Amino acid sequence: MIQKFKANLAVLRQEISIPEYILWWAIRICMFFYIKKELRPDRDLIDYILPFIITAGTCAVFLIRMIFPKKTLLGRISYKAQKYISFMIFFGTFIGNYFGLYGVNSETGAIHYDWILHAISGVTITMLGYHLLIAMNGDKSKLSPQICACGSIGFSCLVIIAWEIMEFVGDFSWGDDNQKYDWVLQEFDPFYPILSKTVAGPEQHGVYDTNIDMAFAFFVTIITAVVLFVVLKRREKKAAAAPAETEPTAISA
């Protein structure tokens, strides 16, 4: 176990730059303040446990690599995936909950924070899918930029759909309001001009929320995958051109 710990630290030093590592710890410090805010005498036991579990996610890749053998998919995942996990925790938990941004739109006219979060997730989940794809491949053969981009889109879409199903199950089983069934359209809402004129009435606001969430995440996913494809394609061309540039020039007779 000690040898595995040292080996993982060595890999971490190789894959992660110092600025990235500092950023990780900055997010962990932010989560400490989130935990401090959440731990109050009037909270239930689950409310005490959940902040610690979420904060542990800022060390998720290291913990996963320690638990799973290197031969497995999760045992090979790159530490670069950690920054995307940490970003989601930072924006989704610390920024959203610590500053209470999820419920302000109905009172102040501010844009829906959950829509912003779904757009951010389009980037982070797509890139996380890319790193999972590389780990799945095991670095035994080269994956083309097309496969990387399409595979990342597929993973992101899977997570998008699974998340909305989870929200529905929570609402259906425990009476939550994840899908904004009580959402009252206001004139300041960005989609008010469109949604206020649809045939469906206010009882369909939960459907509006679900589809807008998915649309934000999906379109940002496509944009992220296109950028990923372009970057990988350029790297591929640069790598292919490198050997030719280093070959000795033939001398004419």
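A residue that is in contact with a Ser or Thr (Cβ under 6 Å, 6 or more places away or on another chain) and buried (at least 16 other Cβ atoms within 10 Å of the Cβ) can be found somewhere in segment 50-72. Applying the set (1) of a type in the set (A, V, I, L, M, F, W, C); (2) closer than 21 Å to Met127 by Cα; (3) free of Cβ contacts under 8 Å to residues at least 60 places away in the same chain to Phe68 leaves exactly one unmet item: (2).
Would you confirm whether or not segment 170-185 contains a residue that is outside the structural domain of Gly92 (by TED's automatic domain parsing), modelled with pLDDT of 70 or more, under 30 Å from Ser78 (Cα atoms) and of a type outside the set (Val, Ile, Thr)? Within segment 170-185, none of the residues are outside the structural domain of Gly92 (by TED's automatic domain parsing), modelled with pLDDT of 70 or more, under 30 Å from Ser78 (Cα atoms) and of a type outside the set (Val, Ile, Thr). The set of residues in segment 36-72 being more than 21 Å from the chain's Cα centre (by Cα), modelled with pLDDT under 90 and assigned to a helix (DSSP H, G or I) consists of Lys36, Lys37, Glu38, Leu45, Ile46, Asp47, Tyr48, Ile49. Just one of (1) closer than 19 Å to Leu133 by Cα; (2) more than 18 Å from the chain's Cα centre (by Cα); (3) in contact (Cβ under 8 Å) with a residue 24 or more places away in the chain fails for Tyr84. It is (2). Please determine whether any residue of segment 94-104 is modelled with pLDDT of 85 or more, outside the structural domain of Pro145 (by TED's automatic domain parsing), touching a Leu at 6+ places or on another chain (Cβ under 9 Å) and within 21 Å of Ile54 (Cβ to Cβ). Yes; the residues of segment 94-104 include at least one that is modelled with pLDDT of 85 or more, outside the structural domain of Pro145 (by TED's automatic domain parsing), touching a Leu at 6+ places or on another chain (Cβ under 9 Å) and within 21 Å of Ile54 (Cβ to Cβ).
Every condition in (1) buried (at least 18 other Cβ atoms within 10 Å of the Cβ); (2) modelled with pLDDT under 90 holds for Gln204 except the one numbered (1). Evaluate the following for Ser78: is it under 19 Å from Leu128 (Cβ atoms), polar (S, T, N, Q) and touching a residue at least 60 places away in the same chain (Cβ under 8 Å)? Criteria met by Ser78.
Per the listing Ile27, Ile16, Ile53, the residue uniquely under 14 Å from Thr93 (Cα atoms), of a type outside the set (S, T, N, Q) and touching a helix residue (DSSP H, G or I) at 6+ places or on another chain (Cβ under 9 Å) is Ile27.
The values are calculated or read from the model by the stated rules, or taken from the named source; none is laboratory data. Note that this is a predicted model, so its numbers are computed, not measured. Glycine also receives a Cβ, built like all others from the backbone with ideal geometry; neighbour counts cover every protein chain displayed.
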